[in-house]
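What follows is a single structure, written as C-alpha cells, with notes after it.
Nothing in this text is a laboratory measurement; each read-out follows from the coordinates by a stated rule. In this text, all values refer to a predicted model and were calculated from it rather than measured experimentally. All Cβ positions, even for glycine, are placed from backbone atoms using ideal geometry, and neighbour counts span all protein chains on display.
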2 protein chains.
Amino acid sequence: MEKMRADARRNRAKVLAAAEEAFALDGLAVPLDDIARLAGVGAGTVYRHFPSKEALFQAVVLERIQQFAEEARALATAENPGEVFVDYFVRVIKQASLNRAICDALAESGGHAFKAGAGEEFRAALDELLTRAQAAGAVRPDIDGDDLRALIAGCLAVERYAPGSRHLVRVVVDGLRGVAEVQTR
Amino acid sequence: MEKMRADARRNRAKVLAAAEEAFALDGLAVPLDDIARLAGVGAGTVYRHFPSKEALFQAVVLERIQQFAEEARALATAENPGEVFVDYFVRVIKQASLNRAICDALAESGGHAFKAGAGEEFRAALDELLTRAQAAGAVRPDIDGDDLRALIAGCLAVERYAPGSRHLVRVVVDGLRGVAEVQTR
DNA sequence: GACGATACGGAGCGAGCGTTCCGGTTGTCA
DNA sequence: TGACAACCGGAACGCTCGCTCCGTATCGTC
C-alpha cells in the first residue's frame, strides 16, 4: 500500500474522495458505477483497490466513526457528565443527518460489520458517556448502550422525515432525561 | 369488480390474502413472484387484478390505516385527551411494529401515495387527537402533526433495532409530554 | 529506449425484480 | 353442448447493479 505505482496511489485517492462525496449524498444506495464515473475511473479500478462496495463504504465511514469515538473519549473525564452527554448526543445526530453514509453506518451500529475496531471503540466510548450521565442523575437509569444506539437510529429516521427540525431531537433528549411522574409509578 | 367470473374473484381473494401475509412479514421488499407463488397463482394473474405491486400494497395497507383513522375518530370525543392520546400513540407503534407493511406505509405518511383517502383521514384524525392533548396540557405545544408523524417513523426505526423494548417508546412519550425544567428556560 | 510488471477501463456476466405478452384453459350463457 | 369471452400461468423482456475478465496502456527500471 505504500510502494504502489504512482498512478495507482492517485487513483486510490480519487476513488476515496468520490466515494466520500457520493456516499455522503445517497448512502449505500449509490451505484458503484456512479462512484467510478465521479472518480474518472473504470469500475475495475475501484475493485482493484477495494474488494467490494461494502469494503469501500467501510473505509470511507470508519474514519468518521473513529473521530466520534475519540471525541467521546475526550469528553469522558468532564466534570459535568449530564450536559456533556446531551451535547454529544445532539452533535452526533446532527452530523449524521448531514451525511447519509454515517446514517447508514450508525443505523446498523447494533449489527454485523460494526464489530470492527472503530465501531467497537465508538460503542465503548458511548457506553462510558452514558453510564456517567446516568450516575449523575441526568439520564434515566433504565436504558443501556444498545437502547441508546436504537434511539440514535430512531432520531436519524425522524430527521429524515422532518429534516432540520432540531426540536424533535429535543423531544427524545427530554425523554432520555426522564420524567418524575412517570418514573415513580 | 362485482360481476367477475367466479375463478377471478377467488384468485383475487387469494392474492390479497397472500399479499397481506407476505407484506406483513417483509414489507414492500418482498418480491412479487413470492406473493404469486404463495397465492398459488401466476404473476400475470396478480397484474390482472392490480395494476402494479405498489397498488397491491396500497390495497392491503389502506384498510388497516382506515381502521387506525376510525379508531382515532372514536377517541376524539373522550374527556381525558392526554391519556387517550398516549394510549393511541403507543398502540399504533405496537401494531405497526408487528407488521412491516404498516411500518413501510407509516414511514412515508408524510409522503406521496399517502395523500389518498384513508391516509388523509388518518392524518386528520391524528392531528385532532394531538391538538386536544396539547390543549389539555398533556403534550408539549411546540410540535405539529408532521412532527408527530416523523416521531412515529422514528419510533418504528427504534423498534426495528431494539425489538420488543417497550420502554424505548416510553422515552419518546415522556419527551412528548415535555419536561418542566426545559420548557421554562 | 525498451522491456516486464503493474494497473487501467469498460464490456460483459449473472442474479434479482417489476412488468408484459401470449398460447392455452376455464367459466358462462344461450 | 358448443362457442366465445374472460381469465390463467409462466416464460420472457428490460432494467439495475455488483462484480469479473482481459486486451491495452502506463509506470518504473536498466
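Rounded, prolate or oblate: pick one for the protein assembly as shown, where a ≥ b ≥ c are the square roots of the eigenvalues of its C-alpha gyration tensor, a/c under 1.5 means rounded, and failing that, prolate if a/b is larger than b/c, else oblate.
Since a/c reaches 1.5 but b/c is at least a/b, the shape of the protein assembly as shown is classed as oblate.
Any aspartates and glutamates with Cα under 20 Å of the A:Lys14 Cα? List them, leaving off those in the same chain fewer than 8 positions away.
In chain and number order, the partners are A:Glu2, A:Asp26, A:Asp33, A:Asp34, A:Glu54, A:Glu63.
Which of the pairs A:Lys53/B:Lys94; A:Lys53/B:Lys53; A:Lys3/A:Lys53 have their Cα atoms more than 26 Å apart in this structure?
A:Lys53/B:Lys94; A:Lys53/B:Lys53
Using a 7 Å offset from Cα along the direction of the beta-carbon, what are the separations from A:Asp127 to the same position in each other copy, nm, ascending?
Label-point distances to the other copies, shortest first: 4.6 nm.
What percent do you get for the relative contact order of chain B when only Cα pairs under 8 Å and 6+ apart count?
22
Given a Förster distance of 35 angstrom, what is the FRET efficiency for B:Glu70 paired with A:Ala43, based on the Cβ-Cβ distance and rounded to 0.05?
0.10
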